[in-house]
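The values are calculated or read from the model by the stated rules, or taken from the named source; none is laboratory data. Nothing here was measured: the structure is a model prediction, and the numbers come from that model. Cβ placement follows ideal geometry from the backbone for every residue including glycine, while neighbour counts extend to all protein chains displayed.
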Amino acid sequence: MLRLMHRHYDTVLFRSRIERIARVMPDAFIGIDLIVGARGETEEEFLRSLEFVRSLPITRLHVFPYSERPGTKALEIDHIVSQQEKHRRTNTMLRFSEERAGEYARRFIGTVRPVLIETVDDKGMATGHTDNYLKVRFTSDGAASNSIVDVELLEISDYDGEDPLISGKII
């Protein structure tokens, strides 16, 4: 599929880059974009893609169903993946992404991380992201938006889409 999309890299190069990031920065949140259901994508190719991303040390997938673009070479490819099949493939990848994001988040439960407060609601509940991109919600204790506070990560309390939402407390 990479060749069909005229990408100037292959899975070997891609894997080496992702594995290097994980080795050099073991706490890195590694998200990758993935298009599913492109013209010409067979079920076997989709399953190989799923197997490939499962084998990588990634945190999350940003999954997009393929959409037609006028004037592109892709329109010359005969095999068209149905909308229903694109939806199924997208959901399969999103379920994997949610699973992997949850595994990543659980690694940090019980640790203290710096959190950039992005919002504080009228009840004093703050929401922000850690330095490794985990979304956290906690009582602000008067801390304002755009400030950085140390927060103990307590538990995964909910999900925001496929991303874990962690409850925490300021230390």
I'd like the residue in region 107-124 that is surrounded by 15 or more Cβ atoms within 10 Å (Cβ to Cβ) and touching a Leu at 6+ places or on another chain (Cβ under 7 Å) and, out of all such residues, is nearest to residue 149 (Cα to Cα). 113
Need pairs with beta-carbon distance below 8 Å; first residue closer than 12 Å to residue 123 by Cβ and within region 136-147, second at pLDDT below 95; sequence gap 6+ or separate chains. 137/157
Counting only residues that are part of a helix (DSSP H, G or I), closer than 24 Å to residue 98 by Cβ and without any contact (Cβ under 8 Å) to a residue 12 or more places away in the chain, how many does region 22-31 have? 0
Could you list, ordered by first residue, the pairs with Cβ atoms under 8 Å in which the first is in region 40-69 and in the same structural domain as residue 82 (by TED's automatic domain parsing) and touching a residue at least 60 places away in the same chain (Cβ under 8 Å) and the second is in a loop (DSSP other than H, G, I, E, B) and charged (D, E, K, R), at least 6 apart or interchain? 60/162
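Rundown of residues vs (1) in contact with a helix residue (DSSP H, G or I) (Cβ under 9 Å, 6 or more places away or on another chain); (2) assigned to a helix (DSSP H, G or I), yes/no style:
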| site | (1), (2) |
| --- | --- |
| 64 | yes, no |
| 70 | no, no |
| 81 | yes, no |
| 86 | no, yes |
| 102 | no, yes |
